[in-house]
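The values are calculated or read from the model by the stated rules, or taken from the named source; none is laboratory data. Remember, predicted model here, so these are calculated numbers, not experimental data. Don't worry about glycine lacking a Cβ; one is built from the backbone with ideal geometry, like all the others, and counts go over all protein chains shown.
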Amino acid sequence: MFDRVLKLSIACAYFVVLRWLQWWGQAQQPWIGLCYHEVTAAQKAGFLRQLRLVKRYTEPVFLDAPRRMSQRPQVALSFDDGFINLLDNALPALQEQKIPVTLFIPSACLGHAPPWLQGSSHENAQALIMTAAQLQALSAEHILIGAHTAHHADLSRLPVAELDEELQTSKQALETLLQRPVNTLAFPYGRYNEQVLERSKAAGYVRVFAADPLAQNSDFFMGRTTASPDDWMIEFYLKIHGAYQWLPYAIQLKSRLKRRFQ
Ligand SMILES: [Zn+2]
């Protein structure tokens, strides 16, 4: 809780500075990718409140849309892991409000509880991932499907042959299933390194995503801000206005200090 309030306080200060810079024409409206996981029945009302803020204050875009100047923050919603509860609690509302969304799917885990969480006490350990048929039935117009490797692998730890296998088989399996190109990828656990970025490009991905904001987004590699339907409204308001974009600088500073004092 202390950590959350501290981050919120920094975000408030960052928001004031950002607004001031925008007022003087020194900063553009931000691009924000939001990284969700699930929306349970109990979280549905909170999620709907967040969608109202997205509609009111931002321009919702697809994660793979070309970046451009805008009068409002551009916000791209995404969900990692493809849990079934999205079918009832998130996707109908997104479709009704015409808010684009991207689902990142671990292609070899369809129809199962997340294998990477088994044996843990994680809250999603018993949640099911969509089946192949459920994925095929989703509207291609409002929902972009991206890869999340085949087995939800920590790509930063794999030797290059296994890394290539995870990257290529997930892309091919989803393309065969959906009969459309799959050009985006989100790194499981948000973990990556230079080799992962390089091999992802070689596997044919056009845009890849971290799970945290990056100090510098490129057209190929972009950061996202973690979001949850349980976020406080003020937290969520600040997230969709780019006020949590200071996080990568704090992480860099923390690791620099850690190295210095080790
Ligand atoms: Zn994941």
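Values for this structure:
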| item | result |
| --- | --- |
| Qualifying positions in the stretch 78-98 - within 16 Å of the ligand (Cβ to nearest atom) and at positive phi | Asp81, Gly82 |
| Residue match in the stretch 250-259 (condition: more than 30 Å from Gln134 (Cβ to Cβ), part of a helix (DSSP H, G or I) and in contact with an Asp or Glu (Cβ under 8 Å, 6 or more places away or on another chain)) | yes |
| The stretch 16-32: number of residues that are hydrophobic (A, V, I, L, M, F, W, C), at pLDDT below 85 and assigned to a helix (DSSP H, G or I) | 1 |
| Tabulated pairs, the stretch 186-208, first basic (Lys, Arg), second in a helix (DSSP H, G or I), C-beta under 9 angstrom, 6+ apart or interchain | Arg191/Leu155; Arg191/Ser156; Arg191/Arg157; Arg199/Leu155; Arg199/Val160; Arg199/Leu163; Arg199/Asp164; Arg199/Leu167 |
| Test: Ser170 is among the hydroxyl-bearing types (Ser, Thr, Tyr), crowded, with 22+ Cβ neighbours inside 10 Å and over 16 Å from the mean Cα position of the chain (by Cα) | yes |
| Pair list, Cβ under 7 Å, 6 or more apart: the stretch 3-29 residue among the β-branched types (Val, Ile, Thr), other residue surrounded by 11 or more Cβ atoms within 10 Å (Cβ to Cβ) | Ile10/Trp246 |
| Residue ranges of helices (runs of 4 or more DSSP H) in the stretch 85-146 with at least 2 members within 22 Å of Ala45 (Cβ to Cβ) | 85-89, 91-96 |
| Residue within the stretch 164-174 that is away from the ligand (no atom under 16 Å from the Cβ) and among the hydrophobic types (A, V, I, L, M, F, W, C) present | yes |
| Matching residues, the stretch 188-208, being in contact with an Asp or Glu (Cβ under 9 Å, 6 or more places away or on another chain), part of a loop (DSSP other than H, G, I, E, B) and within 16 Å of the ligand (Cβ to nearest atom) | Arg191 |
| Qualifying positions in the stretch 195-220 - under 17 Å from Leu103 (Cα atoms) and buried (at least 17 other Cβ atoms within 10 Å of the Cβ) | Tyr205, Arg207, Val208, Phe209, Ala210, Ala211 |
| Unique residue being away from the ligand (no atom under 16 Å from the Cβ), within 23 Å of Pro213 (Cα to Cα) and crowded, with 19+ Cβ neighbours inside 10 Å when the list is Val16, Val5, Val75, Val101 | Val75 |
| Residue in the stretch 57-66 that is in contact (Cβ under 8 Å) with a residue 40 or more places away in the chain, in contact with a Pro (Cβ under 6 Å, 6 or more places away or on another chain), within 30 Å of Ser170 (Cβ to Cβ) and of a type in the set (A, V, I, L, M, F, W, C) present | yes |
| Ala211 being outside any strand (DSSP E or B), within 23 Å of Lys239 (Cα to Cα) and within 16 Å of the ligand (Cβ to nearest atom) | yes |
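Quick grid of which residues meet (1) within 14 Å of the ligand (Cβ to nearest atom); (2) touching a strand residue (DSSP E or B) at 6+ places or on another chain (Cβ under 7 Å); (3) among the charged types (D, E, K, R):
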{"position": "His122", "(1), (2), (3)": "yes, no, no"}
{"position": "His148", "(1), (2), (3)": "yes, yes, no"}
{"position": "Asp154", "(1), (2), (3)": "yes, no, yes"}
{"position": "Val160", "(1), (2), (3)": "no, no, no"}
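Each row is one residue, and each column tells you yes or no for (1) assigned to a helix (DSSP H, G or I); (2) within 28 Å of Phe221 (Cβ to Cβ).
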residue	(1), (2)
Ile10	yes, yes
Tyr14	yes, yes
Leu34	no, yes
Ala45	yes, no
